[in-house]
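Right, one structure below, let's go through it.
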Amino acid sequence: PFLPEWLVEHVTSQEFQDSCNARFTELDADSSGSLEPGELIPVIQQLSQAHPLTIDIEKCRQFTRLFDVHGNGVIMRDEFIEFAQFLTVMNFLAHTDEGKQIQKQAEIETASVQTQMYIGMLELDPQSMIEVRRHLPQAFVAELWGAAYEETCSKAYVSLDPDSKNAVTFSRLFPTICLLSTSHPFQVSEAQCRSFADKYDTDGKGSVSKEGFPDFARYIIVMAYLQYAKEHQEMLCADVLLGQEKISKLLSALSEGVDAISGLIPFLPAGFLDELLSDAFVLQCNQDFKELDKDDSGVLEPSELLPVILSLAEAHHFSLTSEHSRHFVDIFDSERNGVITKGEYVNFVRFMMIMSFMETEEGKRVEMDKTITQGQEAVEELLLMLEQDRKAVHKVIPLLPQDIYNELTSDAFVKSCHDRFIELDQDKTGVLRPHELYPVVVELSAAHPYAVSEEQCKRFTRIFDIHGDGVLRPDEFLDFTRFLCIMSYLHTSDGKSAAKDALQIMADSKKIEELLVTMEQDRHHINKVIPYLPDWLRDDLLSEHFTLECLTYFQDLDKDGNGSLEPEELFPMVLSLSQAHQQSLDIDQCRRFTAIFDDAKTGVISRSEFVNFSRFLIVMGFLKSQEGQKVAEAAVEGSKRKNGKDAPGQLAIEAAPSSSTALAVSPRQRQAEGGAAPTSPAHLQVDCEYYQKKSDKLTAENDELRQRLHRLEELVRKMEDKVDAQDQKLRHAEVDLRASGAMR
């Protein structure tokens with residue numbers, strides 16, 4: 001009844017039917033006069049925009065059942081025409097402004113019809129309130145069936161029944177009922193009270209007991225709401241939709257705020273933080289919590305948070321749904337138990353106080369300070385990343401897809417870079433000075449303009465300054481732009497798929513750089529640790545056995561037998577230590593590795609230098625164990641006492657997993673048990689590989705368990721939603737059956 005005449009004429013025209021018949025014949029590959037499920041694949045694919053491989057025969061059967069009016073398991077011509085008419089109408093409603101307006105009007109009319117049906121049900125039988133309640137707004141139900149409502153009704157009744165006769169006439173209760181409705185957008189008049197009371201009073205008593213008063217008042221208020229909804233259906237729908245939008249925005253803002261709050265705390269005023277952490281603040285929160293906790297359960301269920309959410313969102317009273325409440329709980333439910341505990345409520349109030357503070361002028365200054373500081377960190381992180389990636393990017397160029405390579409070397413790409421260079425070269429000198437790169441640094445780091453310093457612009461220039469003259473020339477700017485394009489491509493979904501090895505090489509190249517930096521730092525401080533090592537380890541490192549085993553390993557690496565290790569010959573050892581992709585290691589990094597232990601500055605590693613290098617590796621491996629961490633701490637404390645102040649340098653060592661304590665076992669103990677002494681480069685390499693693989697395996701297992709748990713939670717949530725939806729359909733069907741019975 002709502003569709004425009006032109007659309008009705010179109011879908012019922014002979015031309016439309018001829019078109020449908022032609023399409024049917026085209027799909028009917030076996031000319032059977034019907035469409036089997038398998039013949040519907042092109043139609044289903046066109047409708048769903050899904051990949052053909054995702055459409056199986058079972059899905060086709062389900063699709064067939066939707067339109068199989070005759071129940072013969074296939075789609076006949078007449079059914080196909082009805083199906084085409086359905087699709088045409090749905091497309092009109094979903095994708096045209098006129099259709100959306102018609103659909104909205106139809107929804108309003110449908111809601112009005114349903115509201116009238118609920119009114120009729122209550123007029124015929126006040127006991128049908130149990131069924132009608134299921135279709136009322138959740139916030140409305142929570143209030144009228146809540147403990148506070150029952151208590152208010154009880155107190156009001158007692159005041160009107162001083163003689164405790166337990167029978168107060170309806171007319172004396174009308175003013176109280178009118179007052180009970182004042183918190184709602186509609187008002188209950190005494191005339192409505194009289195009219196609805198007549199329908200409620202099926203036995204003609206004209207009075208109600210104390211126990212029956214809550215149900216009586218509830219009946220009148222619900223009838224008044226339904227009448228208001230029927231008369232103002234369009235406005236009510238608009239208000240509710242607007243309220244739902246406000247609540248959704250609030251929940252989205254809360255989610256984003258919770259994620260960002262940790263970054264704000266270091267910048268908040270000390271006095272404000274002291275207030276949030278004070279005992280008085282916690283006490284006040286606990287009192288508020290108790291008022292909200294209507295059932296005294298010690299936790300807040302989603303339904304008990306309705307007043308909080310509505311107050312925060314300033315939304316229409318009937319806009320809130322159970323899903324909104326669950327989402328709200330999920331944001332602050334750190335214990336993941338589906339409710340808000342006292343501690344979580346205190347943190348929620350703290351969060352809201354911080355969010356309110358951030359809206360003040362002082363809060364805006366705090367936000368500015370945080371933005372600038374984070375911008376400075378972002379710029380620094382960008383520069384460090386560029387410095388590392390700039391050295392490694394040449395390793396991945398051969399692995400790029402041909403079309404990407406062709407694009408980066410095309411004339412069009414070169415011209416676009418030249419145009420950007422001219423745009424940045426404001427003083428027209430033909431070079432870009434550090435200050436002219438300011439907008440580029442700001443754009444790349446997404447930092448606040450105030451966060452970028454001139455020194456950072458100079459560092460940015462040095463990274464790509466091949467000529468070493470402190471400026472960027474057009475060829476250097478072209479190289480810089482190509483670098484950015486390669487890095488951007490590698491981090492796209494296509495790049496990650498087409499260039500997995502390239503990404504691995506970039507990551508491993510950084511790992512090698514970090515290993516080199518760590519070794520360069522710790523090489524100079526390792527002597528401070530030697531006096532604190534266990535006797536068994538010191539004795540073993542200085543033993544003839546250890547030296548001979550190192551020399552044997554040295555001979556294995558010395559491929560040309562010249563008595564020294566060139567950087568190229570250290571390649572397998574560095575690769576093994578870093579656990580990196582072989583293409584991520586280059587000769588320059590091997591030279592730097594050599595320089596760390598080349599005490600004689602000959603450009604190679606001699607036998608004695610290799611023995612010292614092996615001792616260094618053993619000590620570093622030991623210091624990563626739990627026992628070794630205690631040794632490192634003792635060494636630092638000893639250095640402080642010796643210098644009378646903080647030690648000038650610290651070992652770049654982190655605690656290793658508990659499994660690495662195996663390195664702290666005495667070699668003699670190992671040998672006594674029938675094993676080889678681990679304190680040699682070869683055995684250390686074996687141990688490192690073992691623990692690395694074990695750690696990777698445990699990490700993968702943990703990730704898989706977390707994914708399984710997440711999938712299980714999603715499955716349970718979907719099943720609950722399906723059960724709720726099915727329950728709703730059954731209730732609607734029951735209502736329809738009752739209504740049809742009442743009409744007969």
>> Between a residue in the stretch 200-214 that is at positive phi and any residue that is not in a loop (DSSP other than H, G, I, E, B), which pairs come within a Cβ distance under 9 Å, given they are 6 or more apart or on different chains?
In response: 206/169; 206/170; 206/171; 206/197
>> When the residues of the stretch 109-144 are narrowed to those that are at pLDDT 80 or above, part of a helix (DSSP H, G or I) and charged (D, E, K, R), which ends up most open to solvent (accessible area, probe 1.4 Å)?
In response: 133
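Which of the residues spanning the stretch 73-84 are open to solvent by less than 80 Å² (accessible area, probe 1.4 Å) and modelled with pLDDT of 85 or more?
Quick first cut of the stretch 73-84, residues open to solvent by less than 80 Å² (accessible area, probe 1.4 Å) only: 73-76, 78-81, 83-84.
Selection gives 73, 74, 75, 76, 78, 79, 80, 81.
Confirm whether residue 160 is surrounded by fewer than 19 Cβ atoms within 10 Å (Cβ to Cβ) and within 52 Å of the chain's Cα centre (by Cα). Steps first, please.
Values: surrounded by fewer than 19 Cβ atoms within 10 Å (Cβ to Cβ): yes; within 52 Å of the chain's Cα centre (by Cα): no.
Spelling it out, it is not the case that residue 160 is surrounded by fewer than 19 Cβ atoms within 10 Å (Cβ to Cβ) and within 52 Å of the chain's Cα centre (by Cα).
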> Residues of the stretch 414-442 being acidic (Asp, Glu) and either more than 13 Å from residue 477 (Cβ to Cβ) or open to solvent by less than 70 Å² (accessible area, probe 1.4 Å) (or both), which ones?
Replying inline: 425, 427, 436
> Is one or more of the residues making up the stretch 220-227 without any contact (Cβ under 8 Å) to a residue 24 or more places away in the chain and open to solvent by less than 20 Å² (accessible area, probe 1.4 Å)?
Replying inline: no
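With the requirement that a residue be assigned to a helix (DSSP H, G or I) and open to solvent by 10 Å² or more (accessible area, probe 1.4 Å), what does the stretch 582-608 give you? Explain how you work it out, then say what you get.
Taking the stretch 582-608 as the starting set, the residues that turn out to be assigned to a helix (DSSP H, G or I) are 582-584, 587-597, 607-608.
Passing the criteria: 582, 583, 587, 588, 591, 592, 595, 596, 607, 608.
Taking residue 491 as the residue in question, decide whether it is open to solvent by 50 Å² or more (accessible area, probe 1.4 Å), modelled with pLDDT under 70 and over 35 Å from the mean Cα position of the chain (by Cα).
Numbers: open to solvent by 50 Å² or more (accessible area, probe 1.4 Å): yes; modelled with pLDDT under 70: yes; over 35 Å from the mean Cα position of the chain (by Cα): no.
Against the criterion (open to solvent by 50 Å² or more (accessible area, probe 1.4 Å), modelled with pLDDT under 70 and over 35 Å from the mean Cα position of the chain (by Cα)), residue 491 does not qualify.
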>> Checking residue 168 against (1) surrounded by 16 or more Cβ atoms within 10 Å (Cβ to Cβ); (2) under 23 Å from residue 227 (Cα atoms); (3) among the β-branched types (Val, Ile, Thr): exactly one of these is not met. Which one?
In response: (2)
> Would a scan of the stretch 47-63 turn up a residue that is modelled with pLDDT of 80 or more, crowded, with 17+ Cβ neighbours inside 10 Å and in contact with a strand residue (DSSP E or B) (Cβ under 7 Å, 6 or more places away or on another chain)?
Replying inline: no
>> Taking the criterion of being part of a loop (DSSP other than H, G, I, E, B) and under 45 Å from the mean Cα position of the chain (by Cα), would at least one residue in the stretch 562-579 satisfy it?
In response: yes
> If a residue has to be touching a residue at least 40 places away in the same chain (Cβ under 8 Å) and of a type outside the set (Phe, Trp, Tyr) to count, how many in the stretch 592-625 make the cut?
Replying inline: 15
> Do we find a residue being at positive phi and either modelled with pLDDT of 70 or more or more than 23 Å from the chain's Cα centre (by Cα) (or both) anywhere in the stretch 322-343?
Replying inline: yes
>> List pairs: first residue in the stretch 332-353 and closer than 13 Å to residue 301 by Cα, second residue assigned to a helix (DSSP H, G or I) and hydroxyl-bearing (Ser, Thr, Tyr) anywhere in the structure, Cβ distance under 7 angstrom, at least six positions apart or on different chains.
In response: none
> Do we find a residue being at pLDDT below 90, over 17 Å from residue 228 (Cα atoms), not in a helix (DSSP H, G or I) and not charged (D, E, K, R) anywhere in the stretch 145-156?
Replying inline: yes
> Given 568, 514, 544, which one is at pLDDT below 80 and open to solvent by 20 Å² or more (accessible area, probe 1.4 Å)?
Replying inline: 514
> Which residues, counting only those in the stretch 526-540, are over 50 Å from the mean Cα position of the chain (by Cα) and either within 18 Å of residue 635 (Cα to Cα) or crowded, with 17+ Cβ neighbours inside 10 Å (or both)?
Replying inline: 535, 536, 538, 540
> In the stretch 1-35, how many residues are without any contact (Cβ under 8 Å) to a residue 60 or more places away in the chain and either open to solvent by less than 20 Å² (accessible area, probe 1.4 Å) or assigned to a strand (DSSP E or B) (or both)?
Replying inline: 5
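The values are calculated or read from the model by the stated rules, or taken from the named source; none is laboratory data. Quick caveat: nothing in here was measured; it's all calculated off a predicted structure. Positions of Cβ are backbone-derived with ideal geometry, glycine not excepted, and every protein chain shown enters the neighbour counts. Areas reflect the complete protein model, heavy atoms only, side chains present, ligands, DNA and RNA absent. Shrake-Rupley method; radii C 1.70, N 1.55, O 1.52, S 1.80 Å.
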